1. Buried (at least 19 other Cβ atoms within 10 Å of the Cβ) and either under 21 Å from residue 68 (Cα atoms) or at pLDDT below 95 (or both): does that describe residue 304?
2. Could you list, in sequence order, all residues of the range 90-100 that are out of contact with any helix residue (DSSP H, G or I) (no Cβ under 6 Å at 6 or more places or on another chain) and buried (at least 24 other Cβ atoms within 10 Å of the Cβ)?
3. For the range 343-370, give me the residue count where each residue is touching a helix residue (DSSP H, G or I) at 6+ places or on another chain (Cβ under 8 Å), crowded, with 17+ Cβ neighbours inside 10 Å and in a helix (DSSP H, G or I).
4. If I filter the range 140-157 down to residues being crowded, with 16+ Cβ neighbours inside 10 Å and without any contact (Cβ under 8 Å) to a residue 40 or more places away in the chain, which single residue comes out as nearest to the chain's Cα centre (by Cα)?
5. Among the residues of the range 177-194, is there at least one that is surrounded by 21 or more Cβ atoms within 10 Å (Cβ to Cβ), under 14 Å from residue 124 (Cα atoms), modelled with pLDDT of 95 or more and under 21 Å from the mean Cα position of the chain (by Cα)?
6. Within the range 401-435, restricting attention to residues that are touching a strand residue (DSSP E or B) at 6+ places or on another chain (Cβ under 9 Å) and part of a loop (DSSP other than H, G, I, E, B), which residue is nearest to residue 75 (Cα to Cα)?
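The values are calculated or read from the model by the stated rules, or taken from the named source; none is laboratory data. The structure displayed is predicted, hence computed values, not measured ones. Methodologically, a virtual Cβ is constructed for each residue, glycine included, from the backbone with ideal geometry; neighbour enumeration extends over all protein chains shown.
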């Protein structure tokens, strides 16, 4: 972890005037800023973690996308090196956790309970994703460069347990505050989303990650209650505010990331018989058109990756998938089908196509839930988490003939190897993290 604690970091991928105006006079001489502004930078880091490079790599590893040019050719066959993960690591720590810690201190000093709660929720998710992707990571001593210049690596489960406690605090402090009114806008879409429901869905997400299905169910019941309460990243056609996939695929690295021969594209192509799709869905024709344009992602007007297309950060669909799987794992087939069929009904509305409900059960229903989640949550790191947690139950293709299995983690970054004397040693890409052993 970088030992220099940066108080405010500008993310060039998103322009956000409300959260950047007036933060400093001399751009080379950072000064203090109110916590109400700093939280915006942390929110931007959350978006970048969910929609940026982590998302692209997880999509390539799970064959939702195909790396077709430059270094993405190597990524496509899992040929990665430590330095490839420097940006992801630094974003979560320097621009994420470090900023939320500053916000929490300022919120406590001013007695701003809502701001404290939101910063706790944001810190929790940044830490949880680090643990989910990398395994053991610095957390208890992180973002304290003076006290701990070489922070120790905490066990993965310790970090995830700490995350659950922090989410409890965040939910209690933020309460039913609307995201659009309290420390979410303009980074997130100003809809009906509330922080407490988002916090509960995040708790469900990370209980699912650790296979605690009973707790995942409890939290999902309290989670995002309708599609219009989903947490979505706001994007527009204003320069710098575009969808991050659009920025990458159109403005920055055209041709690097495509859908050429991707497993997901084949699954949605009703005329492709090479994929053994469990649940036939006539509505895939409409969803295919939203996701893809030929061999490319659909960056066109109205496409899923259009310049002004919002992007799901934590949404109702994910909450329902968690609930459906947890119910089934606990032996409640009727409840699992009910939760899953609500997803299918909502998809029919969203894509204006035919997404039939199901009456199946058992292992077939589990396969269908995970398959639908893989398709619906395109680009989400949660798909990569699921593939590892379930032992690749939906049989995603292995794109490297030597490895014999999907990547099991992100590599510890070079920036950490070179700067932290507590670094425990190199771990291979195909070595399972503790929760997946």
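1. Numbers: buried (at least 19 other Cβ atoms within 10 Å of the Cβ): yes; either under 21 Å from residue 68 (Cα atoms) or at pLDDT below 95 (or both): yes.
So residue 304 fits the description; yes.
2. Keep residues of the range 90-100 that are out of contact with any helix residue (DSSP H, G or I) (no Cβ under 6 Å at 6 or more places or on another chain), which gives 90, 93-94, 98.
Those that are out of contact with any helix residue (DSSP H, G or I) (no Cβ under 6 Å at 6 or more places or on another chain) and buried (at least 24 other Cβ atoms within 10 Å of the Cβ): 93, 98.
3. The qualifying residues number 10.
4. Among them, the one singled out is 154.
5. no
6. It comes out as 412.
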